[in-house]
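The values are calculated or read from the model by the stated rules, or taken from the named source; none is laboratory data. In this text, all values refer to a predicted model and were calculated from it rather than measured experimentally. Cβ coordinates were reconstructed from backbone atoms using ideal geometry, including for glycine residues, and neighbour counts include every protein chain displayed. Accessible surface areas use protein heavy atoms only, side chains included; no ligands, DNA or RNA. Shrake-Rupley method; radii C 1.70, N 1.55, O 1.52, S 1.80 Å.
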Amino acid sequence: MENIALIESFSEFKDDKFIDRVTLMSILEDVFRNALKKKFGSDDNFDIIINPDKGDLEIWRNRIVVGDGEVEDDNQEISLTAAQKIEPDFEVGEDVSEEVKLIDLGRRSILALRQNLISKIHEHDNTNIYKQFKELEGEIYTAEVHHIRHRAIIMLDDEGNEIILPKERQIPSDFFRKGENVRGVIESVELKGNKPSIIMSRTSPLFLEKLFESEIPEVFDGLITVKKVVRIPGEKAKVAVDSYDDRIDPVGACVGMKGSRIHGIVRELGNENIDVINYTNNLQLYITRALSPAKVTSIKINEETSRAEVMLRPEEVSKAIGRGGHNIRLAGQLTGFEIDVFREGVEEDVELTEFSDEIDSWIIEEFAKIGLDTAKSILEQEVSDLVKRTDLEEETVSEVVKILKSEFED
């Protein structure tokens, strides 16, 4: 049988790709009808009978018998003489069904037909993979490192699906080897051409939230709710939690005895420092908790401008700001308020921008990044500490300190 190689491949596709019978039949018929359209111009008058389990294929062309010399469309009509060669008693006006062999389509058409079949199967697979992972967006997923590139890690799951972990979605301390299992959250799934692009992230706040769900039973069961998560990946994170059951201490349950519960999460995130705080609708209390470990003396809140003025003792200021300004930045993101820090008992201070005629603006911006925007906030720090916390040279920092000191000495 001239079509045996093509027919045998039906069962292979069905077994390899786990395609259900109905879908396979539909794909096969679609492929053959496209081939018939190219060969005969139309497929409307063809019947296709396929049994992929047995490898049977029959194609029948239906035409109307017309008088000799009256054929206008070879595909739709057959002359009386030609019809009577098939069956001697055919008459004008009757329908003739004639089997079309694959060999009649031509060798080139058969090769194209097989390639089209493979393409349709792959397209079907890709659509299914897209739908499968689209439903997994925002969920934790594990895959194995297959290939390490400069800008991304290419991973494969147990079913051979490709997952991409871009460099910018990796925690700075992440270091993976080929064959290692990696956990992350499925951040996005898109179809690029006909191929699904599955992007994983380990820097998303959602990854931390989902880790809480997977590692802390009370969160998984809904007894504790994660209200908001903010992160500087690999450095610091703040997580606001709440419970509708007064008998449950949400912070204690999440942290565990001596940090036992949160330790696994911290390790997964490259020793990211995680502050877990109790959520509250009381804005003053919420901002106070968000600035932990600093102890706040008093707060003035302007809800219209979403700004909060926080008064602290001088020794608490560096705690509120945190290393690299991380603590105050995350506190602002968590609460939705721009937080301005003021030192208790300091009556006279000068904004750093007032020195723009003596200090370059980019230097002022460097100090602002770590929450130091006044003269005294800088003078209270050690020069060595300022060098560590900024990208400034010691000579530059010393010159700034000298300028600021002369202002107050005058």
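General observations
- Calculated log₁₀ intensity ratio I(q)/I(0) where the Debye formula runs over C-alpha points of the range 137-290, q = 0.09, 0.13, 0.19 Å⁻¹: -0.33, -0.64, -1.13
- The chain - mean residue ellipticity at 222 nm from DSSP helices (-39,500 (n - 2.57) per run, n ≥ 4, rounded to 500): -12000 deg cm²/dmol
- Bridge type composition, the range 252-410 - antiparallel percent by DSSP, nearest 5: 55 percent
- Karplus-derived HN-Hα couplings along the range 129-135 (A = 6.51, B = -1.76, C = 1.60, θ = phi - 60°), whole Hz, x at Gly and Pro: 5, 4, 4, 4, 7, 4, 6
- For the cross-link pairs K178/K228; K167/K210; K295/K376; K195/K236; K210/K388, the ones whose C-alpha atoms lie over 29 Å apart are K178/K228; K195/K236; K210/K388.
- Of all accessible heavy-atom area on the chain, the percent that carbon and sulfur account for (1.4 Å): 45 percent
- Cβ-defined net charge surrounding G184, 11 Å radius [Lys, Arg +1; Asp, Glu -1]: 0
- Proximal charge balance of N273 [Cβ under 12 Å; K/R count +1, D/E count -1]: +1
- Hits among lysines - C-alpha to C-alpha of K38 under 16 Å, sequence gap 8 or more where chains match: K101
- Hull volume per residue, based on the alpha-carbon atoms of the chain and their convex hull, is 267 Å³.
- Accessible area per residue, Å², the chain with all protein chains present, probe 1.4 Å: 57 Å²
- Choice from K228, K258, K195 with maximal GNM fluctuation in the chain (Cα, 10 Å cutoff): K258
- Span per principal axis, largest first, for the Cα atoms of the range 101-223 (Å): 68, 36, 22
- The range 285-395, relative contact order [Cα under 8 Å, separation at least 6], %: 23 percent
- When every Cα-Cα distance of the range 315-381 is counted in 10 angstrom steps from zero, the calculated P(r) takes the values 20, 51, 28, 1 percent.
- Mean separation of Cα contacts under 8 Å (6+ apart) over length of the chain, as relative contact order %: 7 percent
- DSSP beta bridge pairing in the range 212-321, given as percent antiparallel to the nearest 5: 70 percent
- For the range 348-399 and the range 158-192, distance of Cα centres in Å: 40 Å
- Unit Cα scatterers, Debye sum, the range 271-410: log10 I(q)/I(0) for q = 0.19 Å⁻¹: -1.13
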